[in-house]
Amino acid sequence: MPTEDRAKLPRAQRIAVICHGAYVLHAQARWKDDKDVEHESAWSGDVPVGQSWVVDMSQQKGITTGRKMWLNVQIVAGKGMSGEIIEYAPNGQTVTFEAKGTTLIGNRLDRI
């Protein structure tokens, strides 16, 4: 799980990623339940440069308001990385991350 910024966490119903890196990525959402057990959504298919992927967390089993969740990305033939922690809220909002860098150099996820 990524480290938690002690400032007020963004709250959203959906998590999205836009691939602006020089690679193809796979993405999933992860969260912890009230017993601190980690869960994950299904992996996306290939998300190539210029494409995006969105998961509506209200469609995931076992997630409740206030649960900490984060984006998990695996670069094909490269490294994995995680987005910052956000809180689930059934509010219709989307937190979007931009994936940047190359397969092995300068990888990062920026919240936009």
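A few points about this structure:
- Taking Thr65, Thr96 and counting other C-beta atoms within 10 Å, the order from fewest to most: Thr65, Thr96
- Exposure proxy order (Cβ contacts within 10 Å, fewest to most) of Thr64, Thr103, Thr94: Thr64, Thr94, Thr103
- In percent, rounded to a whole number, the relative contact order of the chain is 37, using alpha-carbon pairs under 8 Å and six or more apart.
- Amide H partners (placed H, <5 Å) of Tyr23, local residues excluded: Val49
- Straight Cα distances below 21 angstrom link Lys8 to the lysines Lys32, Lys68, with same-chain residues fewer than 8 positions distant left out.
- Where labels lie 7 Å past Cα in the beta-carbon direction, separation of Leu104 and Ala42 in nm: 3.3
- Low-density loop positions, trypsin sites (Lys or Arg not before Pro), the range 61-112 - DSSP coil, at most 13 other Cβ in 10 Å: Lys61, Lys79
- Relative exposure of Ile75, Ile105, judged by other C-beta atoms within 10 Å (fewest first): Ile105, Ile75
- Using alpha carbons only, the radius of gyration of the range 11-111 set against its Kirkwood radius gives Rg/Rh = 0.97.
- Coil-residue GluC sites (Glu not before Pro) of the range 1-92, DSSP, other Cβ within 10 Å capped at 12: Glu4
- In loop segments of the range 31-99 as defined by DSSP, the chymotrypsin sites (Phe, Trp or Tyr not before Pro) with at most 15 further C-beta atoms inside 10 Å of their C-beta are Trp43.
Every read-out reported here was derived from the displayed coordinates using simple, explicitly stated rules and does not represent laboratory data. Quick caveat, the model's predicted, so the values are computed rather than measured. We place every Cβ from the backbone using ideal geometry, glycine too, and count neighbours over all the protein chains shown.
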